[in-house]
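I have placed the structure first, in the form of structure tokens, so that the comments after it can refer back to it.
The values are calculated or read from the model by the stated rules, or taken from the named source; none is laboratory data. Quantities reported herein were computed from a predicted structural model and do not represent experimental measurements. Reconstructed Cβ throughout: ideal geometry from the backbone, glycine too, with neighbour counts over all protein chains shown. Just so you know, the surface numbers come from the protein's heavy atoms only, side chains and all, with ligands and any DNA or RNA stripped out. Shrake-Rupley method; radii C 1.70, N 1.55, O 1.52, S 1.80 Å.
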Amino acid sequence: MLLVLKMEDRYAFLTEWYDPTAALLRRYQLFYYPKDGSVEMFDVKNQRIFLRRTKYDEIHQEDLFVGNRVNVFSRQLNLIDYGDQYTANKLGSKKERTLALIKPDVVTKIGDVLELIYSSNLIVTKAKMTKLTWSQAADFYVEHQSKPFFSNLVQFVSSGPVVAMELMGDEAMSIWRRLLGPADSAVARREAPQSVRAQFGTDGIKNVGHGSDSLAAAARELEFFFPSTIGHGPSNTAIYTDCTCCIIKPHAISEGLTGKILNSISAAGFEISALQMFNVDRANAEEFYEVYKGVVTEYPSMVTELCSGPCMVLEIHGTDSPQTFREFCGPADPEIARHLRPTTLRALYGKDKVKNAVHCTDLPEDGVLEVQYFFKILDG
Ligand code: CDP
Ligand code: MG
């Protein structure tokens, strides 16, 4: 008799978790079994099983690639390497990261651009609104130093806020460049009418965005905006006056709702004066939500939600912004919101009281403090 043993599919990763209690980086092997969606963890240093094979619905195969971060039972694990050749071949071959820079002409249309990015199966893993100085912009475009358009280009890119993003996905670099279209917006309208530059660009200089043109350029340009070593790159644009804080929650980010939510916010006339993605760890989530502790029964789940993946934090600017923005977000419970205020953000994009799409500042006097917590303390 011929016995055919069919191996069950298993993906392996080397992961790192920062243990805040011991102030140590711990390493685990993470195994994922796609057949039943179960995970297993192995402690590398102590050579023993850390988590027995357990079904865990919150991990999906598309989240599993090196450079991404996944949440397993409230631990944020950085996937730092493939654990075997099989996993690398199967899941890793085409994953890339690239820099997308939204130029000053269309920062107010960031929601539309994000919609196109998500519909091309790319995900946004980092984002920051910043304003470059002339010399920062000149550094960024150093490869074009000798070109006739150099000074116009540098002048334009440093003339107002830009949004830098890290995009990740299969062939991210070429997909984003194809989405942008030809550099000259008029040419784009002729040759690639669906492209971002055709739809939102004005001319050759005001042409919506930039995309890295090689993997080496992507590495250099990502390091420029999101340095992995010293310093923290160009500063954020928070102004800390007449403002309120909005957090697009991790569940909404992972459901691909970021573009829609930003569009709704802009369409309602709110000015987004700062924007940045954060990976909040548990200790910081607890600290940020401190005032709700013992007051709101959902507090522990709110903490878990906030640190379950990247969130996007906005500074909304305007003299009466805390109050008007809160009304625009709607009642905390999306079910109630859908009955009473069907056009509010929570009615449109929320699922339940915890996964309610956005956090907004409650008390007007806390607006500046909450904005400072993210843009001064966590980005400090
Ligand atoms: O941005 P992309 O990589 O598509 O084009 P590039 O050739 O690397 O040029 C960088 C930027 O310089 C373009 O996005 C244009 O804004 C600007 N440029 C220009 O103004 N006139 C040209 N003849 C070429 C580029
Ligand atoms: Mg280029």
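Summary table below
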| quantity | calculated |
| --- | --- |
| At R0 = 41 Å, FRET efficiency that the Cβ-Cβ distance of residue 9 and residue 108 yields, to 0.05 | 0.35 |
| Backbone HN-Hα couplings from phi across segment 344-353 [Karplus 6.51/-1.76/1.60, Hz, Gly and Pro as x] | 7, 4, 5, 4, 6, 10, x, 10, 8, 5 |
| Estimated inter-spin distance, residue 320 and residue 362, nm [label 7 Å along Cα→Cβ] | 2.3 nm |
| Heavy-atom SASA rank of 54, 15 (probe 1.4 Å, accessible area, largest first) | 54, 15 |
| Over the chain, relative contact order from alpha-carbon pairs under 8 Å, at least 6 apart, % | 14 percent |
| Kirkwood hydrodynamic radius of segment 11-92, from inverse mean 1/r over distinct Cα pairs, in Å | 12.7 Å |
| Protection-proxy order for peptides 144-156, 194-206, 55-67, each taking the mean of Cβ atoms within 10 Å per residue, highest first | 194-206, 55-67, 144-156 |
| Cα→Cβ-extended label distance, 7 Å offset, between residue 283 and residue 228, nm | 2.4 nm |
| Cα-based radius of gyration of the chain once divided by 2.2 N^0.38 Å, which approximates compact folds | 1.04 |
| Rg to Rh quotient for segment 54-125, alpha carbon positions, Kirkwood Rh | 1.06 |
| Per residue solvent-accessible surface (Å²) - segment 11-92, probe of 1.4 Å | 56 Å² |
| Three semi-axes of the equivalent ellipsoid, segment 62-102, Cα gyration tensor, whole Å, largest first | 19, 17, 7 |
| Average Cα contact separation per residue, segment 50-131, under 8 Å, 6 or more apart, as relative contact order % | 17 percent |
| Spread of Cα-to-Cα distances over 5 Å intervals beginning at zero, given as percent, for segment 95-225 | 2, 12, 21, 25, 24, 13, 3, 0 |
| Alpha-carbon Rg with Dmax, taken over segment 201-354, Å | 17.8, 56 |
| Around residue 283: net Lys/Arg minus Asp/Glu count, Cβ-Cβ under 14 Å | -2 |
| More than 14 Å apart - percent of Cα-Cα pairs taken over segment 207-285 | 76 percent |
| Karplus 3J(HN,Hα) series, Hz, for segment 176-181 with 6.51 cos²θ - 1.76 cosθ + 1.60 (x for Gly, Pro) | 5, 5, 5, 5, 5, x |
| Solvent-accessible area, 1.4 Å probe, carbon plus sulfur percent, for the chain | 53 percent |
| Long-range HN-HN contacts of residue 358 with modeled amide H, under 5 Å | 249 |
